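Reviewing the structure listed below.
Derivation of every value follows stated rules applied to the coordinates shown; laboratory data play no part. Since we're looking at a predicted model, the values are computed, not measured. Here Cβ is always computed from backbone atoms with ideal geometry, including for glycine, and neighbour counts include all displayed protein chains.
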Amino acid sequence: MRYAVAISPNPADKELKIKIKATNEDKFKSSAPAFEIKLVDKNGFIAYSNTKKSFDFVIERGNLNSGYYILIINSESYTYSTKIVFQGN
């Protein structure tokens, strides 16, 4: 399974929006697989984790500190990671 991932905004102030889109023949499936979304801080601590069957996620900043995080998206057949930044207070 292949997916395209769009993340905005990056850097983010209050929330991070993630959209996942199937890019191959399975894109016509009516339901999303279960995606696990994690934010890992510079010390390797999992600062955020959520799993749900959706192609759209919103991560509210809440108590997350300013700085760099690694965003990791996993499903049964897919893994994606990238660096994101929360800025400001």
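In terms of surrounding Cβ atoms within a 10 Å radius of their Cβ, I72, I37 rank from fewest to most as I72, I37. Relative to the compact-globule estimate of 2.2 N^0.38 Å, the Cα radius of gyration of the chain comes out at 1.09.
A crude spin-label estimate for the pair S8 and T23, with each label 7 Å from Cα along the Cβ direction, gives 1.8 nm. By other beta-carbon atoms within 10 Å, ranking D41, D13 with the fewest at the front produces D13, D41. Tell me which GluC sites (Glu not before Pro) from the chain have a DSSP coil assignment and no more than 14 other beta carbons within 10 Å of their own. Listed in order of number, the matching sites are E76.
Calculation over all alpha carbon pairs of the range 46-88 in 10 angstrom steps from 0 returns a P(r) of 22, 57, 20, 1 percent.
Between K83 and V58, the modelled label-to-label distance comes to 2.8 nm, taking each label 7 Å out from Cα in the direction of the beta carbon.
Take the Cα of N43, go 7 Å toward its beta carbon, and the backbone nitrogen atoms of the range 61-89 under 12 Å from that spot belong to 65.
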